[in-house]
């Protein structure tokens, strides 16, 4: 029996088969997002298998955050297709948004079972949700390898320009940092997130 086509986007001619969608945590084909005449996301083809940890690497302005916001249903794609946990982010944005998690100072915060705006509400929800919350910071922080990732864990990583916003520090959450060599004092946000997520998953799964 032929594998049925799940979706055909006429503008980009992107064909996605049912088996591809079922096997992937995140899948995009020909994904495009424009801001005026600028193509911030220019035809991304991406497959992230279930259980994998994937990080976007690239210079400022490469479209990393825009791509993530499309996957989290905070922005609608202009072309192509994108699936998160089997849900089409265009046709079923509510389901796709629940399957993804993304937090920034200037966008809504998506958490299980509810969505709210505002950093203060976000950190209050993390505290009330019985999670271990760690702030990514190189100052007055413990080595990220010494953190306890066994239970429910939230990692807060600020923007490259401003870092983690003040309400997170005021809440008294513990800081973790990645040791630097030489004269470097920080890492690209996407690199830091990848390192921390990999360490957390490795510890949880006893790799």
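The values are calculated or read from the model by the stated rules, or taken from the named source; none is laboratory data. Quick caveat, the model's predicted, so the values are computed rather than measured. Methodologically, a virtual Cβ is constructed for each residue, glycine included, from the backbone with ideal geometry; neighbour enumeration extends over all protein chains shown.
From the list 33, 69, which residue is surrounded by 14 or more Cβ atoms within 10 Å (Cβ to Cβ), in contact with a strand residue (DSSP E or B) (Cβ under 8 Å, 6 or more places away or on another chain), modelled with pLDDT under 85 and within 23 Å of residue 159 (Cα to Cα)?
Result of the check over 33, 69: 69.
Mind listing just one residue for me: the one in segment 69-83 that is part of a helix (DSSP H, G or I) and within 17 Å of residue 24 (Cα to Cα) and, of those, nearest to the chain's Cα centre (by Cα)?
That would be 71.
Could you tell me which numbered condition residue 121 fails, if it satisfies all but one of (1) modelled with pLDDT of 75 or more; (2) more than 30 Å from residue 44 (Cα to Cα)?
Here residue 121 meets the rest and fails (1).
Can you say whether residue 129 is outside the structural domain of residue 58 (by TED's automatic domain parsing), farther than 24 Å from residue 25 by Cβ and either modelled with pLDDT of 85 or more or surrounded by fewer than 19 Cβ atoms within 10 Å (Cβ to Cβ) (or both), as far as the supplied structure shows?
So residue 129 fails the test.
Are there any pairs, at least 6 apart or on different chains, whose C-beta atoms fall under 8 Å, with the first in segment 65-84 and over 20 Å from residue 193 (Cβ atoms) and the second modelled with pLDDT under 85 and assigned to a helix (DSSP H, G or I), and if so, which?
Correct list of pairs: 76/93; 83/21; 83/96.
Of the conditions (1) over 25 Å from residue 201 (Cβ atoms); (2) exposed (fewer than 15 other Cβ atoms within 10 Å of the Cβ); (3) at pLDDT 80 or above, residue 94 clears all except one; give me its number.
(3)
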